[in-house]
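Every number here is computed from the coordinates shown, using simple stated rules; none is lab data. What you see is a predicted model; the values in this text were computed from it and never measured. No Cβ is skipped: glycine too gets one built from the backbone with ideal geometry, and neighbour counts run over all protein chains shown.
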Amino acid sequence: MLLPVPAAIGRTVAGMELETIFGLPAHPLLVHLAVVLVPLAALIAVVFAFRPAWLDRFGWGLVALSGAGAFGAVLAAGSGEGLESLQNDVETAAREDHFEMGEMARNLSLLFFFLVTAVVVLRYLARRRAAAGQAPTGFWGLMAGKAGAIGIAAALVLTASGALVTVAVAGHQGAKLAWCEETKNCPADNGGGEGTEQGDDDGDDDGD
């Protein structure tokens, strides 16, 4: 049974596009979840990658933090598409770059969350096996060895770095885009189809 969605929240469920929250554009509100939580989780994961004991002790907290950040990235990407439909402005290369980077940030944030969850769960199971007196053989032996520790650390650092960088770049692009549109001082879009079309028309007129 589906719960009713509050009328104050406008959205397209199928495409995960959020437009408004209580009458306000959703994107400027929701984007802060990803901008704050994903970099924070990424920095903690990098530290934990070199401190396995901390990962074992606080790993579930990192799972919750990275999951909240990934969920924020999904909402930010969806609300960005919803904001575009609300504004009905002409599409520009800067807008397209920002939306594409937002989608990449969402995907890498999800990948980071899934990896953190997998690492924490596997290390938890390995500790339970060790506590039960089971010898670490096969896959579990690899997990307990130096190669496994290096592989886990490298995977955490790489996915955390990817999520952090893409979220930071997407946030920076969005801030620049909002500022230039607010001040009406945006750089000329040389890649726009309309500008090319206008230039062709002018050339035809000159030729005539």
- Item | Residue-span extension gain [L29 to F114] - 0.36 nm each, minus C-alpha spacing | 28.1 nm
- Message: How much length would be gained if the chain were fully extended between D56 and R129, taking 0.36 nm per residue of separation minus their Cα-Cα distance, in nm to one decimal?
- Response: 24.8 nm
- Under Stokes-Einstein, the stretch 28-83 at 4 °C and 1.567 mPa s, with its Kirkwood radius over C-alpha pairs, diffuses with a coefficient in µm²/s of 110
- Task: Take K176, K146 and order them by how many other Cβ atoms sit within 10 Å, fewest up front.
- Result: K146, K176
